[in-house]
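Just below is one structure, and these are the notes that go with it.
The values are calculated or read from the model by the stated rules, or taken from the named source; none is laboratory data. Keep in mind the model is a prediction, meaning the values are calculated, not measured. Note that each Cβ is placed from the backbone with ideal geometry, even for glycine, and that neighbours are counted across all protein chains shown. Quick note on the areas: whole protein, heavy atoms, side chains included, nothing else; ligands and nucleic acids left out. Shrake-Rupley method; radii C 1.70, N 1.55, O 1.52, S 1.80 Å.
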Amino acid sequence: MRVLFAGTPEIALPSLRLLHEHGYVAAVLSSPDAPKGRSKQPTPSPVKELASSFGLPVVTPERLGKAAREDIRPFEADLLAVVAYGKIFGPKFLELFPRGGVNLHPSLLPKFRGPAPLPATILAGEEEWGLSVQRISLEMDAGDIYTQRSYPLEGRETTAELTEMAAERGAEALLETVRRIEAGTADATLQDESGASYFGLIRKNDGEIAWNLPAVEIDRRVRAFNPWPGAFTWLEGKKLSLWESMPINDGGESESPGKVVAVDKSDGILVQTGSGLLALRSLQLQGKKRLPWKAFMNGVRGIEGATLGGNR
């Protein structure tokens, strides 16, 4: 069976590698080269780079119109396999594939449909996360489920860590699904629409911390927005990025939210929230390197008693 693999970022690389190793990939569809770094030089996507190293043909259209369909047609792919490609597939495009299309989505669908399921999982305080391989439908992430796997959460994971796990485990789930489709043994289950939820795009400013929230919720934001857009606040007009934290307790409001109430030798820099204290353990002041809290304290004197947030 011949597969057209569609993907763009690093999370898609293990899936491309595994499907290629098993001889399925006929060609690759990825996003166009994009400006990167200070030089703003056009740079190929991680998926395009890997596919090119395998000697696979790569198509990078700006849009999935008639011209893109004509570029894809000669590969005579039976199945479309998608991992974080970044564009919506219309009916005319999907008609190119006799076996249809499958998409790897890192959530337990129908929960957290949309472009940011892993941050959504952390923000919601879920006790488990999961992967779904679904049939591609015209409605986003609403297709029937071929394969679904769930894993427990310890409660300290970041989006960066979950993304790495989803990439490796998702590749295995996708390969299993492709094999079952090839063998004609792939059964698909309808999604339960009553349990559907949607989580949209995360924007850069979503990372700004509101200190009147409970410590537990702020800690979830620190983990959910790592690596992007990064949780942040303000210290004397300078941006202060928060990379690691720990809620100390759920109760008590002895000071105004955002005030640095103490520096604990074991826990870190303690900040009052709307409910409980949050220990900051890894920080990065604007223009500086990311540092553990003890090293940060060596370079930033007099933080105790300061109020985070507020004026920029």
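Values computed for the structure shown
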{"quantity": "For segment 224-234, Karplus couplings with θ = phi - 60° (6.51, -1.76, 1.60), whole Hz, Gly/Pro x", "calculated": "5, 9, 9, x, 9, x, x, 6, 8, 9, 10"}
{"quantity": "Residue-normalised accessible area of segment 211-312, given per residue in Å² at a 1.4 Å probe", "calculated": "50"}
{"quantity": "Pairwise FRET efficiency - Arg63 versus Lys204, Cβ, R0 = 25 Å, nearest 0.05", "calculated": "0.50"}
{"quantity": "Projected label distance in nm at Glu182 and Met140, using a 7 Å step from Cα toward the beta-carbon", "calculated": "3.2"}
{"quantity": "Burial ranking of peptide ranges 14-26, 30-42 (average Cβ count within 10 Å, highest at the top)", "calculated": "14-26, 30-42"}
{"quantity": "Positive dipole terminus of segment 184-263, leading residue within Leu201, Gly258, Asn212 (C-beta point charges)", "calculated": "Gly258"}
{"quantity": "Per-residue [θ]222 nm for the chain (sum of -39500 (n - 2.57) over DSSP H runs n ≥ 4, rounded to 500)", "calculated": "-7000 deg cm²/dmol"}
{"quantity": "Size of the chain as Cα extents on the principal axes (Å, biggest first)", "calculated": "67, 47, 30"}
{"quantity": "Sequence-separation-based contact order of the chain, relative, with Cα cut under 8 Å and 6+ spacing, percent", "calculated": "13"}
{"quantity": "Cross-link pairs beyond the 27 Å C-alpha cut-off, checked among Lys40/Lys239; Lys48/Lys239; Lys259/Lys289; Lys66/Lys111; Lys87/Lys239", "calculated": "Lys48/Lys239; Lys66/Lys111; Lys87/Lys239"}
{"quantity": "Per residue value of the accessible surface for segment 1-53 (all protein chains in place, 1.4 Å probe), Å²", "calculated": "47"}
